[in-house]
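Computed from the coordinates by the stated procedures, all read-outs in this text should not be read as laboratory data. The structure displayed is predicted, hence computed values, not measured ones.
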Amino acid sequence: MNIAIILSGGVGTRMGVNIPKQYIEVGEKPIIAYALERFIQRDDIDLVIIGVADEWKSFVEKHLPQTEKRILFSPAGETRQYSIYNALKVAKESGCQADDIVIIHDAARPLVTNQIITDCIEGIQEGYDGVLPVLPVKDTIYLSDGNQSIAQLLDRKRLCAGQAPESFRLGSYLSLHEKMSREELLKINGSAELAFKAGQRIKIVDGDEMNFKITTPEDLNRFKQIVQHK
């Protein structure tokens, strides 16, 4: 079974609006609906779990794309990784098996490609513990000393920027969360970070420039222009 986990618990403080960014309407539907459609329309996605704050659950239910797929909800956590943990527990409690694949995506990345989703599934099927889409770093990267001066010049040929979705086996990835303390989990920034630190093998696949995360007003304007052109 392939399980899509869509994280929709963020508050979007950098957007400068009074609602979370993923619920802003673009082209007569909220941003989260675009992300959900990308997974719901696929025949190889069997279950969708949406991590959402209680006060927005009814809004999301109202804007769900038409589907016969099974849709579940999990509570938003105090951090992104805790939201993932909550969704993993819902998957297990709903009867999903340890070998099932979870594909974890952000509701604020509405333009994820089918190729990335396919690569995330196939990478796990090949035997990797996790899969992470990445983009090459284009700019010269410097390590700063307290943002005051350059401490080190990094080799950008060896650097890449992670995207979502990221994929894992349900059982092993959930087990990593169960073994960590609350303080350790709070320090995790990316889904693959936790797995890598535990010694798991993470395959990197090609990301896509269109798979950007809507974080700032400039990102939102870019997405609006894309939707208008389509």
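Quick notes
- Most mobile of LEU220, LEU143, LEU185 in a GNM of the chain (Cα contacts under 10 Å): LEU143
- Global form of the stretch 118-215, assessed from the alpha-carbon gyration tensor, a/c cut-off 1.5: oblate
- For the chain, a/c is less than 1.5, where a ≥ b ≥ c are the root eigenvalues of the C-alpha gyration tensor. That puts it in the rounded class.
- Candidate cross-link partners of LYS92 among the lysines, defined by an alpha-carbon separation under 19 Å and a same-chain spacing of 8 or more, comprise LYS69, LYS179.
- Helix runs (DSSP H) in the chain reaching 15 Å along axis by Cα, Kyte-Doolittle at least -1.0: 80-93, 114-125
- Candidates LYS29, LYS179, LYS213: whichever shows maximal mean-square fluctuation once the chain is modelled as a Gaussian network with Cα springs under 10 Å: LYS179
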